[in-house]
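J.: Pasting a structure below so you can have a look.
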Amino acid sequence: MQIGSRWPVGGDAPASLPPVVREAIAAEERTLVDLGADTTGWGWTLTYLEGSPVVECDDGTRITLADDGVLVERD
């Protein structure tokens, strides 16, 4: 596993991520806003597992590439 980067919730996701992953991140952030979650201090961490991006939020949400798009897993 290789660490890619880290950025705050609400910040700009790395442009190097596939558009479908960036869209999934944006959708999750909209959900957090809709739920009224206090995301102060929360961030996203990008790592690569076998060359594929794995994005994890401090709340436990994990976004990975899947055969038909992305897989979003929540704790």
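J.: Sort Glu56, Glu28, Glu23, Glu50 by heavy-atom solvent-accessible area, probe 1.4 angstrom, most to least.
T.: The ranking, largest first, comes out as Glu50, Glu23, Glu56, Glu28.
J.: Another question, then. Ignoring any ligand, DNA or RNA, what whole percent of the accessible area of the chain comes from carbon and sulfur when the probe is 1.4 angstrom?
T.: Result for the chain: 49 percent of the exposed heavy-atom area is carbon or sulfur.
J.: Tell me what the chain gives for mean residue ellipticity at 222 nm when only DSSP H runs of n ≥ 4 count, each as -39,500 (n - 2.57), the sum divided by the residue total, rounded to 500 deg cm²/dmol.
T.: -7500 deg cm²/dmol
J.: Where is the GNM fluctuation largest for the chain (alpha-carbon springs, 10 angstrom cutoff): Asp58, Asp38, Asp12?
T.: Asp38
J.: In Å², what does the accessible area per residue of the chain work out to with a 1.4 Å probe?
T.: With all protein chains present, the chain gives 63 Å² per residue.
J.: Taking all pairs of distinct Cα atoms, average 1/r, flip it, and tell me the Kirkwood hydrodynamic radius of the chain in Å to one decimal place.
T.: 12.4
J.: Modelled label-to-label distance, Thr45 and Thr31, 7 Å Cα→beta-carbon offset: nm?
T.: 2.0
J.: Would any residue of segment 7-28 have its amide N under 20 Å from a label point 7 Å out along Cα→Cβ of Asp59? List them or say none.
T.: 7-14, 21-28
The values are calculated or read from the model by the stated rules, or taken from the named source; none is laboratory data. Being a predicted model, the structure only gives us computed values, none of them experimental. With ideal geometry, Cβ positions are generated from the backbone for all residues, glycine too; neighbour counts draw on all protein chains shown. In case anyone asks, the SASA skips ligands and DNA or RNA and just uses the protein heavy atoms, side chains included. Shrake-Rupley method; radii C 1.70, N 1.55, O 1.52, S 1.80 Å.
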